[in-house]
Each structure stands twice: as structure tokens, then as C-alpha cells.
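The values are calculated or read from the model by the stated rules, or taken from the named source; none is laboratory data. As the structure is a computational prediction, the values presented were derived from the model and not from experiment. Cβ placement follows ideal geometry from the backbone for every residue including glycine, while neighbour counts extend to all protein chains displayed. These accessible areas exclude ligands, DNA and RNA; they are computed on the full protein's heavy atoms, side chains included. Shrake-Rupley method; radii C 1.70, N 1.55, O 1.52, S 1.80 Å.
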Amino acid sequence: PTLVFDGINDFMSGTDWWLTEIGSGAFSVFHVFESSSDFFGISVNSAGATGDTPRHYFTAEFMSYNTQGTLGLSGYDNSAVFQEWSHDGVQTLQMRRNGGAAVSATQAAIEPSGGFYAFPFKSGNVAQPGKSSEHVVVKGSISATDRQNLEGYLAHKWGLTAKLPANHPYKTTPPAAP
């Protein structure tokens, strides 16, 4: 099933989930979504999303890690995509869309001020409309092989194989297991 957010007043959250499960460690967040807003995504913030820092934002066109390390990935065309945001737990941020090349930046690992994990992301306290089909969070580092396996799984499950790069190992055949 796909969750549909109206952009008015609905969202999902898990209070303090990020702090207890991820903290300042390595992670990868995969999200299959479609939205008319390039701000559609996920936020990790203090309880009640009060905007305290440090905080993390994972959206269609940017990743902000503690509001200091910021990555941009332009070209979101408002169609269904799968996207990954990750940090290696030391100093490297990465963001990629549809199994493509990653954009990277350097930012030391930091624990957010709270674990309020919510989507869709609110930009300026305005909810963003969109559809969220699948959401996978990996605690710890993920190998390139495992990442490609998960990309292949998501692409085949949600009919997004045409968006995989031509040289992706699962462009035409799904992985044996996610």
C-alpha cells in the first residue's frame, strides 16, 4: 500500500526513534516516493519538530545533516523515484536517486537534538503533499553490493526499473532476495 499525504495536516512520526536506534552512527535511508514538491521527504528533529539543532532533513532535492553538511541533487521531476540518503558515521554524507551516481560532502557525525522521525518533511512548518510507497532504514554501513541489491529490489517491486542506470546489475533481472 502507498500512504498519501495531503499536504495540509497529516504526517507520521516516531518519537525518539532515531536517537535510540541510530544516534550519531552510520545509516542509509531509502525512500520510494512521488510528490509535486521537491521538499517532500523526511525530517529528524527534536520532539515536536521545534527546529532545534542539530537536525537532519532528507528531501527530494537536498540532504541537510545538522544544517551544516548540505547536499543538493537537482532534477527531481515530480515522478515516482527511489532515493537514498546516507552517512558513514564518520564524515561522509551521500545522496543518490534511482541507483545513480552519488553526490557527496564531508560532515562529521553528530547526534540530532531529538529523535522525532517524521514524514513528510515540513518546510517552514508547511506540510508537503506526496505519496510514500516504501521506506527502508539501514542501521550501520551498507556495502555497495547490498545497496545495489536493495535498489534492484525497490526498482522491480515498484515498477521503476526504467530509472535504473543502464549498467546497474539489476536493471533487467531482480535480485534473488532483498
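Screening F40 against (1) within 25 Å of S143 (Cβ to Cβ); (2) modelled with pLDDT under 80; (3) among the aromatic types (F, W, Y); (4) open to solvent by less than 40 Å² (accessible area, probe 1.4 Å) leaves a single unmet condition, (1). Assessment of the range 44-66 against the conditions (farther than 19 Å from H135 by Cα, at pLDDT 70 or above and surrounded by 17 or more Cβ atoms within 10 Å (Cβ to Cβ)) yields no matching residue.
Could you count how many residues in the range 74-99 are more than 14 Å from the chain's Cα centre (by Cα), within 22 Å of S132 (Cα to Cα) and buried (at least 16 other Cβ atoms within 10 Å of the Cβ)? Steps first, answer last, please.
Just the residues of the range 74-99 that are more than 14 Å from the chain's Cα centre (by Cα), to begin with: 74-75, 77-79, 88-92.
Next, from what is left, pick out any that are within 22 Å of S132 (Cα to Cα): 74-75, 77-79.
With the extra rule that they be buried (at least 16 other Cβ atoms within 10 Å of the Cβ), the set shrinks to none.
Within the range 74-99, residues that are more than 14 Å from the chain's Cα centre (by Cα), within 22 Å of S132 (Cα to Cα) and buried (at least 16 other Cβ atoms within 10 Å of the Cβ) number 0.
Residues of the range 153-169 that are within 13 Å of G100 (Cα to Cα), touching a residue at least 24 places away in the same chain (Cβ under 8 Å) and touching a Ser or Thr at 6+ places or on another chain (Cβ under 8 Å): A155 alone.
Which one is nearest to the chain's Cα centre (by Cα) among residues in the range 14-37 that are of a type in the set (G, A, S) and either within 18 Å of L73 (Cβ to Cβ) or modelled with pLDDT under 70 (or both)? Before the answer, list the steps.
Here is the first cut: in the range 14-37, the residues of a type in the set (G, A, S) are 14, 23-26, 28, 35-37.
From what's left, either within 18 Å of L73 (Cβ to Cβ) or modelled with pLDDT under 70 (or both): 14, 28, 35-37.
Numbers: G14: 15, S28: 8, S35: 14, S36: 17, S37: 15 Å.
Looking at residues that are of a type in the set (G, A, S) and either within 18 Å of L73 (Cβ to Cβ) or modelled with pLDDT under 70 (or both), I get S28.
Considering only residues in the range 143-177 that are open to solvent by less than 50 Å² (accessible area, probe 1.4 Å), of a type in the set (A, V, I, L, M, F, W, C) and part of a loop (DSSP other than H, G, I, E, B), the one that is nearest to N78 (Cα to Cα) turns out to be L160.
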